[in-house]
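Undergrad: One structure, as structure tokens, below. Some questions next.
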């Protein structure tokens, strides 16, 4: 029985406070689960673990992960889905992935049993569930970024800003890109990790910048590297173009 599977069963069936769970060794976990199995208490069909905008569903050794991401400009929600074996989560290094940390949030664990009954538990905080969701995020991160490539440009939850490339560039945007290239700042193929464009102190998409006319513009200032980070933070790590209108 793999460790992630043990963790899920323990959280669902073992009546042990979450702080105490941190001190339980592997043998104790296996013993607790075996006792529940002998009593016929963990013949489950499905387990759902919900946290804010994410859901993990466990059926046997299969893990299904759903993550909602919302466009804050249009209030439109999009749903990312993934499926994999729970064993794939065991060897993931979670020590140096600060950007993938979850916000602390209440969890709900729903267990669907073979006798058609449903059990629910709520955790205001839980270290193991924090770790479980973080492992799932790391496991699915590359695929999630690929999913983002197909979403419309805009400002999204999780501090994500998506910038779709422009098919037909205006004269102004063509000149703007030349200025950027002169500072060794280039547009990339993907929608993430693009140079940031700020108009009158608000970040805008490439499509919005493409609508500007040179006659409207008062000044264009380009920052990169350390100066960009000092002035505008980590969101400017790929360079930033500051445009002010007349």
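The values are calculated or read from the model by the stated rules, or taken from the named source; none is laboratory data. Being a predicted model, the structure only gives us computed values, none of them experimental. Quick reminder, even Gly has a Cβ in these numbers, built from the backbone with ideal geometry, and neighbours come from all protein chains shown.
Undergrad: Do we have any residue at all in region 222-229 that's modelled with pLDDT of 90 or more, over 26 Å from the mean Cα position of the chain (by Cα) and more than 22 Å from residue 160 (Cβ to Cβ)?
TA: Checked region 222-229: at least one residue is modelled with pLDDT of 90 or more, over 26 Å from the mean Cα position of the chain (by Cα) and more than 22 Å from residue 160 (Cβ to Cβ).
Undergrad: Select from region 136-145 the residues that are under 12 Å from residue 190 (Cβ atoms) and surrounded by 14 or more Cβ atoms within 10 Å (Cβ to Cβ) and list them in ascending order. Outline the logic, then answer.
TA: From region 136-145, those under 12 Å from residue 190 (Cβ atoms) are 142, 145; that's our starting set.
The answer is 145, and nothing else.
Per-residue answers, yes or no, for (1) free of Cβ contacts under 8 Å to residues at least 24 places away in the same chain; (2) in contact with a strand residue (DSSP E or B) (Cβ under 8 Å, 6 or more places away or on another chain); (3) over 30 Å from residue 109 (Cα atoms):
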{"site": "142", "(1), (2), (3)": "yes, no, no"}
{"site": "152", "(1), (2), (3)": "no, yes, yes"}
{"site": "172", "(1), (2), (3)": "no, yes, yes"}
{"site": "178", "(1), (2), (3)": "yes, no, yes"}
{"site": "202", "(1), (2), (3)": "yes, no, yes"}
{"site": "219", "(1), (2), (3)": "no, yes, yes"}
{"site": "223", "(1), (2), (3)": "yes, yes, yes"}
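Undergrad: Okay, next question. Could you check how many residues of region 180-190 are touching a residue at least 40 places away in the same chain (Cβ under 8 Å) and not in a loop (DSSP other than H, G, I, E, B)?
TA: Final tally of qualifying residues: 1.
Undergrad: If residue 193 satisfies every condition in (1) surrounded by fewer than 16 Cβ atoms within 10 Å (Cβ to Cβ); (2) part of a strand (DSSP E or B) but one, which is the exception?
TA: (2)
Undergrad: Checking residue 215 against (1) surrounded by 15 or more Cβ atoms within 10 Å (Cβ to Cβ); (2) assigned to a helix (DSSP H, G or I), only one condition comes out false. Which one?
TA: (1)
Undergrad: Identify, from the list 129, 95, 102, the residue that is assigned to a loop (DSSP other than H, G, I, E, B), at pLDDT below 90 and surrounded by 15 or more Cβ atoms within 10 Å (Cβ to Cβ). Before you say what the answer is, go through the steps one by one.
TA: Details: 129 fails: assigned to a loop (DSSP other than H, G, I, E, B); 95 fails: surrounded by 15 or more Cβ atoms within 10 Å (Cβ to Cβ).
Of the residues listed, the single one that is assigned to a loop (DSSP other than H, G, I, E, B), at pLDDT below 90 and surrounded by 15 or more Cβ atoms within 10 Å (Cβ to Cβ) is 102.
Undergrad: May I ask you to say which residue of 62, 82, 86, 51 is loosely packed, with under 13 Cβ neighbours inside 10 Å, at pLDDT 65 or above, at negative phi and touching a helix residue (DSSP H, G or I) at 6+ places or on another chain (Cβ under 9 Å)? Talk me through it step by step, then tell me what you get.
TA: On the way: 82 fails: loosely packed, with under 13 Cβ neighbours inside 10 Å; 86 fails: loosely packed, with under 13 Cβ neighbours inside 10 Å; 51 fails: loosely packed, with under 13 Cβ neighbours inside 10 Å.
Testing whether each residue is loosely packed, with under 13 Cβ neighbours inside 10 Å, at pLDDT 65 or above, at negative phi and touching a helix residue (DSSP H, G or I) at 6+ places or on another chain (Cβ under 9 Å) leaves just 62.
Undergrad: If only one of 199, 179, 148 is assigned by TED's automatic domain parsing to the domain that holds residue 49, surrounded by 12 or more Cβ atoms within 10 Å (Cβ to Cβ), at pLDDT 90 or above and under 28 Å from residue 231 (Cβ atoms), which one is it? Reasoning before the result, please.
TA: On the way: 199 fails: assigned by TED's automatic domain parsing to the domain that holds residue 49; 179 fails: assigned by TED's automatic domain parsing to the domain that holds residue 49.
Among 199, 179, 148, only 148 is assigned by TED's automatic domain parsing to the domain that holds residue 49, surrounded by 12 or more Cβ atoms within 10 Å (Cβ to Cβ), at pLDDT 90 or above and under 28 Å from residue 231 (Cβ atoms).
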